[in-house]
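The values are calculated or read from the model by the stated rules, or taken from the named source; none is laboratory data. Note that the structure is a prediction, hence the values are computed from the model and not measured. Neighbour counts run over all protein chains shown; Cβ positions are idealised from the backbone, glycine included. Side chains are part of the model used for accessible areas, which takes the heavy atoms of the whole protein and leaves out ligands, DNA and RNA. Shrake-Rupley method; radii C 1.70, N 1.55, O 1.52, S 1.80 Å.
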Amino acid sequence: MMRQYELVERVRKYNPNVDEDLLNRAYVYAMKAHGAQKRASGDPYFSHPLEVAAILTDLKLDDATIVAAVLHDTIEDTSTTREEIDRLFGAQIGKLVDGLTKIDKLDLVSKQARQGENFRKLLLAVAEDVRVLLVKLADRLHNMRTLHFVPIEKRTRIAQETLDIYAPLAGRIGMQRLREELEGLAFRHLSPEAYQTIEERLHDLRAKNGRIIKRIEEELTTEFAERGIEAAVTGRQKTPYSVWRKMERKSVSFEQLSDIFGFRIIVGEVEDCYRALGVAHTKWPSVPGRFKDYISTPKQNDYRSLHTTVIGPGHQRVELQIRTAQMHEIARFGIAAHALYKDATGKEGREDLAKESRAYRWLQETLDLLAHGDSPEEFLEHTRLELFQDQVFCFTPKGGLIALPRGATPIDFAYAVHTKLGNSAVGAKINGRVAPMLSHLQNGDEVEIIRAEGHIPPAAWEAAVATGKARAAIRRATREAVRKQYAGLGRQIVERAFARANRAYADEKLKGVLPRLARNSVDDVLAAVGRGEIYSGDVVKAVYPDFSEERKTAQIGAGPGEPGWFDVKANTNLVFKVPGSNEGSAIPIRGLRGDVPVRFAEKGGAVPGDRIVGILTPGEGITIYPIQSPSLTNFDDQPDRWLDVRWDLDEESREFFPARLVVMAVNEPGALGALATVIGETGANIDNIAFTAHSPDFREMTIDLEVADLKHLSGIVSRLRASALVSKVERVIG
Ligand code: MN
């Protein structure tokens with residue numbers, strides 16, 4: 001196990017200003033915290049965080065990262081808390097260790113999270129600080145190196161996860177060497193036979209071609225030297241895993257694989273790269289279409305190099321990578337190397353690395369780029385909206401990963417899983433706790449949807465959800481629900497019409513005459529009647545052609561003169577909506593041609609401009625109440641009877657609506673006449689005046705008016721209030 005002073009020395013080698021005290025305190029603290037814990041190998045547990053720290057010292061990372069590595073399993077595996085780390089080592093290190101703990105927690109539920117790309121983005125989103133990611137990758141590397149100690153049934157999962165998630169992630173942040181090692185280890189565990197076979201063949205080839213590699217190395221080195229280019233040339237075979245991938249991807253056999261040799265040519269300056277390329281192309285024929293200039297157009301992980309493939313001696317295809325020493329460092333260590341270069345040239349001290357230094361900002365910017373595809377073209381195609389910062393990643397109870405836009409709710413989650421699940425969702429549990437359906441989901445949340453069959457998503461959800469899929473599905477479901485509501489209303493109307501006509505009604509009878517009504521189903525007919533598109537008398541007539549209606553004119557309500565019923569004229573369109581829907585999704589009932597019995601509440605109904613509610617009375621019709629009506633409390637426990645209604649008036653028609661006022665006026669001759677004049681001047685009609693209370697000085701009266709709308713009514717109230725004859729005016733709402 002690495003000693004305390006050894007750790008400090010490793011860091012001091014590349015950072016003379018190492019905070020020795022900090023490292024020592026972390027070492028002692030983690031050692032005590034892990035105490036007698038053992039690894040699967042039987043080693044003391046503490047050896048693991050030390051090895052992870054050692055890997056990171058190879059990457060020459062800053063003190064905070066090294067300390068975070070030493071402490072990385074303390075919160076997760078010991079009694080240590082975030083607060084304690086904050087207090088002892090500062091908030092910066094606390095945050096790093098906390099990030100690692102969060103990622104570990106994710107691992108617990110990732111059993112089936114096979115959508116690698118999304119999972120990688122989740123890691124990026126959770127990590128927040130790229131150093132968290134670097135520690136996590138080093139952690140995984142050490143775990144993979146010691147995987148053979150782990151029980152066999154766990155190995156496959158860890159290896160698969162490494163191959164699916166961590167190795168590509170290492171590649172994406174430019175750490176190719178780490179990636180190759182992770183891939184190699186995982187491949188070895190997952191497909192031991194394939195690994196074995198390929199490794200043997202590669203070994204044979206190495207033996208056979210060992211001289212070719214050597215020969216090309218020498219030929220190139222000599223050639224470059226003659227042209228005054230100082231270059232270090234190293235040849236190597238591809239790794240077993242990359243050979244395997246190629247065999248899989250291109251379904252070729254091992255024998256058909258031609259370019260399993262790669263050469264790296266490391267030169268001093270950028271110009272030397274192009275000169276070296278010219279030399280190589282002059283010496284051997286190049287393979288068309290294989291030249292790539294990642295120097296003038298770096299990959300988004302900042303990888304820079306020239307790639308070309310030539311036909312070498314022995315007619316082998318040989319891949320050449322030409323780059324400067326600095327480019328090579330970045331290719332090997334990615335972000336870490338870049339941070340180092342920037343930091344070496346920057347003025348800021350190591351303390352400021354966390355937030356202020358250019359290196360750190362560069363890391364963060366790179367992290368942003370990681371969410372994108374592999375090529376710069378793809379990068380340009382992606383809008384900023386696609387960045388992972390705008391996404392949250394949540395889990396199903398079974399560990400499936402669902403990517404959603406930020407601001408998404410459990411409703412969006414449900415619809416993302418399946419439309420059926422969304423339509424039947426009535427509640428949600430987030431991380432095991434019941435939560436509101438309009439909660440905003442957070443990264444890593446596990447969401448369980450509570451469902452009830454036959455439930456209809458409230459239309460109000462449409463405005464609250466974040467995904468188009470949920471919005472469209474809710475709209476569809478709502479429309480279907482509205483249709484059913486119309487059909488239900490239509491059925492009442494139709495049955496009533498048949499009863500009035502003294503004829504028997506049955507769906508079967510209606511089915512027989514669908515063509516006559518130009519509808520496809522009984523429900524269609526009923527919905528059309530509910531919407532007022534078909535008059536119920538016509539339905540009776542379709543079934544009983546001999547039926548002739550006594551009343552030829554279309555009529556609304558129970559009939560003129562009947563108390564409480566108000567004739568809604570043909571050009572009054574009320575818009576019915578399902579409860580909770582917003583204005584936009586309302587569906588108007590056009591042309592109330594006498595079927596839908598609509599009346600306004602007695603004793604002070606609604607006038608246009610009032611927010612209104614319709615109450616459905618089976619067998620009777622709909623009564624319209626202003627939303628503030630005290631009578632509505634009578635229906636509180638019958639939500640199925642509530643219809644959201646809004647006005648949709650024909651501007652052309654000067655239609656009038658009943659309203660009631662209570663007025664207290666002075667008791668003097670001519671007062672009543674004066675009031676009537678004030679009202680008359682506004683263009684309103686007075687239907688009735690009833691005196692309700694007398695005193696010697698004042699008279700209280702109820703005035704029934706007909707007004708155009710709320711504005712009209714308010715104007716009348718204001719004018720009356722302004723009159724010296726009036727002491728009080730109140731609107732009465734039934
Ligand atoms: Mn660990």
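Annotations
- Members of segment 132-180 that are small (Gly, Ala, Ser) and within 14 Å of the ligand (Cβ to nearest atom): ALA138
- Scanning segment 153-171 finds no residues that are of a type in the set (A, V, I, L, M) and in contact with a strand residue (DSSP E or B) (Cβ under 9 Å, 6 or more places away or on another chain).
- Check on ILE322, open to solvent by less than 50 Å² (accessible area, probe 1.4 Å) and either touching a residue at least 60 places away in the same chain (Cβ under 8 Å) or under 43 Å from the mean Cα position of the chain (by Cα) (or both): yes
- Scope segment 98-131; condition within 11 Å of the ligand (Cβ to nearest atom) and at pLDDT 65 or above; matching residues: LEU100, THR101, ILE103, ASP104
- From the list THR682, THR692, THR702, the one residue that fits, being more than 56 Å from the chain's Cα centre (by Cα), assigned by TED's automatic domain parsing to the domain that holds PRO626 and modelled with pLDDT of 85 or more, is THR702.
- Selection over segment 304-319 of residues that are in a helix (DSSP H, G or I) and open to solvent by 30 Å² or more (accessible area, probe 1.4 Å) gives a count of 2.
Here is a yes/no grid of residues against (1) open to solvent by 30 Å² or more (accessible area, probe 1.4 Å); (2) more than 24 Å from GLY422 (Cβ to Cβ):
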site: PRO436; (1), (2): yes, no
site: VAL447; (1), (2): no, no
site: PRO458; (1), (2): yes, no
site: GLY468; (1), (2): yes, no
site: GLU480; (1), (2): yes, no
site: ILE493; (1), (2): no, yes
site: ALA528; (1), (2): no, yes
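- Residues of segment 410-427 that are more than 13 Å from ALA470 (Cβ to Cβ) and buried (at least 18 other Cβ atoms within 10 Å of the Cβ): SER424 alone.
- Test result for ASP595, among the acidic types (Asp, Glu), at pLDDT below 80 and crowded, with 22+ Cβ neighbours inside 10 Å: yes
- Test: residue in segment 467-490 that is out of contact with any Gly (no Cβ under 9 Å at 6 or more places or on another chain), of a type in the set (A, V, I, L, M) and touching a residue at least 40 places away in the same chain (Cβ under 8 Å): yes
- Taking the criterion of being part of a strand (DSSP E or B), touching a residue at least 60 places away in the same chain (Cβ under 8 Å) and under 19 Å from PRO608 (Cα atoms), the residues of segment 684-733 that qualify are VAL707, GLU730, ARG731, VAL732.
- Residue within segment 259-267 that is open to solvent by 30 Å² or more (accessible area, probe 1.4 Å) and either small (Gly, Ala, Ser) or assigned to a helix (DSSP H, G or I) (or both) present: no
- Out of GLU700, GLU730, GLU681, sole residue that is more than 19 Å from VAL666 (Cα to Cα) and open to solvent by 30 Å² or more (accessible area, probe 1.4 Å): GLU681
- Any helices (runs of 4 or more DSSP H) falling wholly within segment 145-203 and containing at least 1 residues that are buried (at least 24 other Cβ atoms within 10 Å of the Cβ) and under 32 Å from the mean Cα position of the chain (by Cα): 167-172, 176-190
- Selection from segment 54-69 of residues that are in contact with a helix residue (DSSP H, G or I) (Cβ under 6 Å, 6 or more places away or on another chain), within 14 Å of the ligand (Cβ to nearest atom) and more than 20 Å from GLY94 (Cβ to Cβ): ILE55
- Residues of segment 2-28 classified as open to solvent by 30 Å² or more (accessible area, probe 1.4 Å), in a helix (DSSP H, G or I) and either in contact (Cβ under 8 Å) with a residue 60 or more places away in the chain or of a type in the set (A, V, I, L, M, F, W, C) (or both), total: 3
- Counted residues, segment 415-427 - those being over 16 Å from the mean Cα position of the chain (by Cα) and without any contact (Cβ under 8 Å) to a residue 24 or more places away in the chain: 2
- Scanning segment 16-53 for residues that are away from the ligand (no atom under 13 Å from the Cβ) and either in contact with a Lys or Arg (Cβ under 7 Å, 6 or more places away or on another chain) or among the basic types (Lys, Arg) (or both) yields ASN17, VAL18, ARG25, LYS32, LYS38, PRO44.
- Checking each residue in segment 1-47 for being of a type in the set (S, T, N, Q) and within 19 Å of LEU59 (Cβ to Cβ) picks out ASN15, ASN17.
- Scanning segment 657-683 for residues that are in a strand (DSSP E or B) and closer than 23 Å to PRO608 by Cβ returns PHE657, PRO658, ALA659, ARG660, LEU661, VAL662, VAL663.
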